[in-house]
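A.B. asks: Mind having a look at this structure? Questions to follow.
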Amino acid sequence: MNVRLAKDQKIKVLNTQDIWQVMQQVLLRENKIRRNQEHFWIVGLDNSQKILFIELIGLGAVNRVNANPPDVFRMGIYKLAVRMILVHNHPSGTLELSNDDLNFTDRMIKVGQLINIEVIDYLVITEERYKSFADEGLIEQLRKSGLYQIVDREKAELQQWKLDLERKKAVQESHLEIAKKMKADGIDIDTIKKYTGLKKWDIKGL
């Protein structure tokens, strides 16, 4: 789910504090019940370190949430992000890092290296505090860990996945262009949806 950002949240990221302030606002926007679940967000940055998007890719239980490489990198490829920051909350209020946190981040760093999207940080946040893997020196350690090195078969699979996603993006953009012309001709949204397969929300935004 793409997180809608206010204009003042589409900032240039200069340090970890910048991301923390935006993500704290995002977390506090959730109702209290949802805040008692773990969330997993992806923050995409462009080449000038400006926030392109924030996407919620997982909503889990009180102490766990699942995510995999296609979920993590899909929007980054689509939006042409060059860097990404991973963020998840600990509803317990603690900032203790688990082995799962470290292993997952290590794996995402290695996948990102292959598809040219650099994972530059992983933030664990609560409603009041945060811990940054980059500030702790863990991102650099994980880059050199020697674990999760991608073998040739995995490289081929990931590259094919990226190619497939880019093809889908091209088709989506083509449908959006068609829908825009149909809308300009006064064709109703239901008809446009039928012939393009787009969601009504996307058509209304054209």
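A.B. asks: Charges on Cβ only, +1 for Lys and Arg, -1 for Asp and Glu, centred on the Cα centroid of segment 102-206; of 184, 108, 119, which one is farthest towards the dipole's positive end?
C.D. replies: 184
A.B. asks: Near residue 147, within a Cβ-to-Cβ distance under 11 Å, what is the net charge of the other residues, with Lys and Arg +1 and Asp and Glu -1? Present the calculation step by step, with values, prior to reporting the outcome.
C.D. replies: On the way: positive: 107, 110, 143, 144; negative: 106.
Every neighbour counted, the sum reads +3.
A.B. asks: 222 nm [θ] for the chain, helices only, -39500 (n - 2.57) per DSSP H run of 4+, per residue, to 500?
C.D. replies: Details: 8 runs with 97 residues, N = 206.
Helix contribution divided over all residues of the chain: -14500 deg cm²/dmol.
A.B. asks: With a point put 7 Å past each Cα toward its Cβ, work out how far residue 30 is from residue 50 in nm, to one decimal.
C.D. replies: Between residue 30 and residue 50, the simple spin-label model gives 2.9 nm.
A.B. asks: While we're here: Counting only protein heavy atoms and using a 1.4 Å probe, what share of the accessible area of the chain belongs to carbon plus sulfur, as a whole percent?
C.D. replies: On the way: 5720 of 11790 Å².
The C+S portion of the solvent-accessible surface of the chain is 49 percent.
A.B. asks: State the answer as a single residue: which of 43, 94, 132 lies farthest towards the positive end of the charge dipole of segment 42-137, with beta carbon charges of +1 for Lys and Arg and -1 for Asp and Glu, about the Cα centre.
C.D. replies: Most positive-ward Cα: 43.
A.B. asks: Also, I was wondering about something else. Calculate the FRET efficiency for residue 118 and residue 204 from the Cβ-Cβ distance with a Förster distance of 35 Å, rounded to the nearest 0.05.
C.D. replies: Numbers: r = 35 Å, r/R0 = 0.99.
Result of the calculation: an efficiency of 0.50.
A.B. asks: Using only the alpha-carbon atoms, how far is helix 99-115 inclined from the longest principal axis of the chain? Give it as 0 to 90 degrees, nearest 10.
C.D. replies: 50
A.B. asks: What percent do you get for the relative contact order of the chain when only Cα pairs under 8 Å and 6+ apart count?
C.D. replies: Working: 280 pairs, mean separation 33.0, N = 206.
Answer for the chain is 16 percent.
A.B. asks: If I take the Cα coordinates of segment 77-206 and project them onto the principal axes, what are the three extents in Å, biggest first?
C.D. replies: Largest to smallest, the principal-axis extents are 56, 42, 19 Å.
A.B. asks: Separate question: So what is the accessible area of segment 50-128 per residue, in Å², with the probe set to 1.4 Å? Numbers along the way, then the final one.
C.D. replies: On the way: 3310 Å² over 79 residues.
On a per-residue basis, segment 50-128 sits at 42 Å².
A.B. asks: Then there is this: About the Cα centre of the chain, what is the dipole size in debye to 20, counting +1 per Lys and Arg Cβ and -1 per Asp and Glu Cβ, all else neutral? Provide the component values of the computation, followed by the final result.
C.D. replies: Details: 33 positive and 29 negative charges, 163 e Å.
Taking the Cα centre of the chain as origin, the dipole is about 780 debye.
A.B. asks: Dipole magnitude of segment 89-206 about its Cα centre, charges +1 at Lys/Arg Cβ and -1 at Asp/Glu Cβ only, in debye to the nearest 20?
C.D. replies: 740
A.B. asks: What angle, in degrees between 0 and 90 and rounded to the nearest 10, separates the Cα long axis of helix 16-29 from the longest principal axis of the Cα atoms of the chain?
C.D. replies: The angle comes out at about 60 degrees.
A.B. asks: Looking only at 88, 175, 39, which one moves most when the chain is put into a Gaussian network model with springs between Cα atoms under 10 Å?
C.D. replies: Maximum fluctuation in the GNM of the chain, among the listed residues, is at 175.
A.B. asks: Any of 144/168; 79/199; 110/162; 12/181; 169/199; 50/181 with alpha carbons more than 23 Å apart? Name them for me.
C.D. replies: Values: 144/168 34 Å; 79/199 19 Å; 110/162 15 Å; 12/181 34 Å; 169/199 15 Å; 50/181 31 Å.
Result: 144/168; 12/181; 50/181 exceed 23 Å.
The values are calculated or read from the model by the stated rules, or taken from the named source; none is laboratory data. These figures come from a predicted structure and were not determined experimentally. No Cβ is skipped: glycine too gets one built from the backbone with ideal geometry, and neighbour counts run over all protein chains shown. Ligands, DNA and RNA are stripped out before the accessible areas are found, and what is left, the full protein with its side chains, is counted by its heavy atoms. Shrake-Rupley method; radii C 1.70, N 1.55, O 1.52, S 1.80 Å.
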